[in-house]
Each structure stands twice: as C-alpha cells, then as structure tokens.
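Data block below; observations after.
The values are calculated or read from the model by the stated rules, or taken from the named source; none is laboratory data. Since the model is a prediction, treat every value here as computed from it, not as a measurement. Reconstructed Cβ throughout: ideal geometry from the backbone, glycine too, with neighbour counts over all protein chains shown.
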Amino acid sequence: MVTPLADGVWWYDLRGTNAYLVDDDGTLTLVDTGMRFHASALIGGLREAGFELRDLDRILLTHYDMDHVGGLGAFDGVDLTIHVGAADAPLVTGEQKPPLSNHKGLIQRVGRLLTSVPDNPVEPVEDGDSVGTFTVYGTPGHTPGHVCYVSEALSTALLGDLVLERGGTVYPSPWLLSYDADAVEASVRSLAERAPAFEVAAMGHGVPFEEGGSRRLASVVETL
Ligand SMILES: [Zn+2]
C-alpha cells in the first residue's frame, strides 16, 4: 500500500522498512526497494499511485543493505538506471563483498544471501551530483557509501538510514547498525548545515514526516 506524503511523493510502508515513489518532474523514481519478498508490494504500489511497471525510469538507493536493495531483482528487464553512492556501488554490482573486518560488514555479509545482482545499469553518485531535481549529499557512517537525496523543488529529503523515526522522535543510526557511529553524527550535522529547507522527511525506518522535515533534522543535531 502506498500513502501520499506530498504532491508526487508516496510512502511504501513495508512493515519494518520503507520505500518511496517520486514523480520527479515526469521521471518516475523508486527510492530503495525493501527486502526481496517485497517485490510484489513494490509493483502493486506503483499501480495504486496510477502507474505501470514499465513507467518506472529510475531507482535511487540510499545505501547497500538487504532491506533497501533486496527488491532490486523485481525490476530486472525494466528499462531503468539504478543510482547509488560510489562506495556502496561495488556491493550492489557484486564486484565487492562487504568487509569481514567491520561489525556492520558482517551483518551485510549475512544479508547478502537475500540479495541478487541487478540486470540494470548501476550509476555511482557522489556528493554534489544531481539526479533529476535531487541533489546528492554524501552521508557516510551507516554505510561508507550512504547518501541522502534532497529536492528543493519537491521540498523532500530522502534520508535513508542516516536517521530513523521512533515514537515521533528522530534518532541517528545506532552504532550496532553502522560502520562508524562518529561518521553518522558528522553526516547528520553536515546535512543539516548544507541542505536547503524541506518539509517531507522520508526515512528508511519509522513514520516519515510530511511537514517540518528540516526542523526535525536540526533537532537531532541538538542531541548530538
Ligand atoms: Zn535500513
């Protein structure tokens, strides 16, 4: 099921993880893809929002984790491009395996069993790049290649797992699930300083906010 958050922005509540659909100035964009078993929910949500699978043009990934890239296989054979932060791109393409030397890398190694390498072209993105109306903000910490995407035109920030919502409050990604918790904090500060104001705050976990997004991100900075 998809829930509209703003004009052209829909939330997929996949029970435990989120994905989003964005009509980005006519370019239909899926943001993250849930787990492998969410494939039919993702395609069903497209229809609910008034689109067909073939209408999908682009997938933006916030990072490589099984609950964000697991559903990629559902889009094999659809003509689209996948965008992902440069440091996470070789994990999506299978060119690299997550490192055993980091606790989060170990979690990703196990999760890798529930992912597949997509057929579609994977385009690495870096801080400062533009994809449609979105600007890419490098926000490493949860994973080395974690990125957020912010569109001033849509007043929407796709925050991935930089922060999460629980009980109406926003928290930084916790140590256990992060490569580097200090880097997460630095990334939260950096995004709050650099991003334009936005209303919609779309996190990878928890309930997204339709209003006051940048204000809520600023409130996280105060807790660091
Ligand atoms: Zn996640």
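Within region 45-58, if we keep just the residues that are touching a residue at least 12 places away in the same chain (Cβ under 8 Å) and farther than 17 Å from VAL84 by Cα, the residue that is surrounded by the fewest Cβ atoms within 10 Å (Cβ to Cβ) turns out to be ARG54.
If you go through region 154-169 and pick out every residue that is within 12 Å of the ligand (Cβ to nearest atom) and among the aliphatic types (A, V, I, L, M), you end up with 4.
Within the set of pairs 6 or more residues apart or between chains, which connect a residue that is more than 17 Å from VAL207 (Cβ to Cβ) inside region 167-180 to a residue that is among the aromatic types (Phe, Trp, Tyr) and within 16 Å of the ligand (Cβ to nearest atom) with Cβ atoms less than 8 Å apart? That search, which allows pairs on different chains as well, returns nothing. Say whether the condition of being within 16 Å of the ligand (Cβ to nearest atom) and not in a helix (DSSP H, G or I) is met by at least one residue in region 116-136. No, the conditions are met nowhere in region 116-136.
Listed by position, the strands (runs of 3 or more DSSP E) inside region 1-101 whose residues that are under 15 Å from the mean Cα position of the chain (by Cα) number at least 3 are 9-13, 18-24, 27-31, 56-60, 81-85. Scanning region 163-185 for residues that are among the acidic types (Asp, Glu) and either crowded, with 24+ Cβ neighbours inside 10 Å or within 17 Å of the chain's Cα centre (by Cα) (or both) yields a single hit, GLU165.
Scanning region 8-44 for residues being more than 18 Å from ASP76 (Cβ to Cβ), without any contact (Cβ under 8 Å) to a residue 60 or more places away in the chain and more than 16 Å from the ligand (Cβ to nearest atom) gives a total of 4. Here SER187 meets the list (1) within 16 Å of the ligand (Cβ to nearest atom); (2) farther than 19 Å from ALA87 by Cα; (3) touching a Gly at 6+ places or on another chain (Cβ under 8 Å) almost entirely, failing just condition (2). Taken as a whole, region 152-162 holds at least one residue that is part of a loop (DSSP other than H, G, I, E, B), over 18 Å from the mean Cα position of the chain (by Cα) and modelled with pLDDT of 95 or more. Which residues, taken from region 200-224, are surrounded by 15 or more Cβ atoms within 10 Å (Cβ to Cβ), within 22 Å of LEU14 (Cα to Cα) and away from the ligand (no atom under 16 Å from the Cβ)? Residues satisfying the conditions are VAL200, PHE209, GLU210, GLY213.
With respect to ASP88, is the statement that it is within 22 Å of VAL131 (Cα to Cα), in contact (Cβ under 8 Å) with a residue 40 or more places away in the chain and within 16 Å of the ligand (Cβ to nearest atom) true? For ASP88, the condition - within 22 Å of VAL131 (Cα to Cα), in contact (Cβ under 8 Å) with a residue 40 or more places away in the chain and within 16 Å of the ligand (Cβ to nearest atom) - is met.
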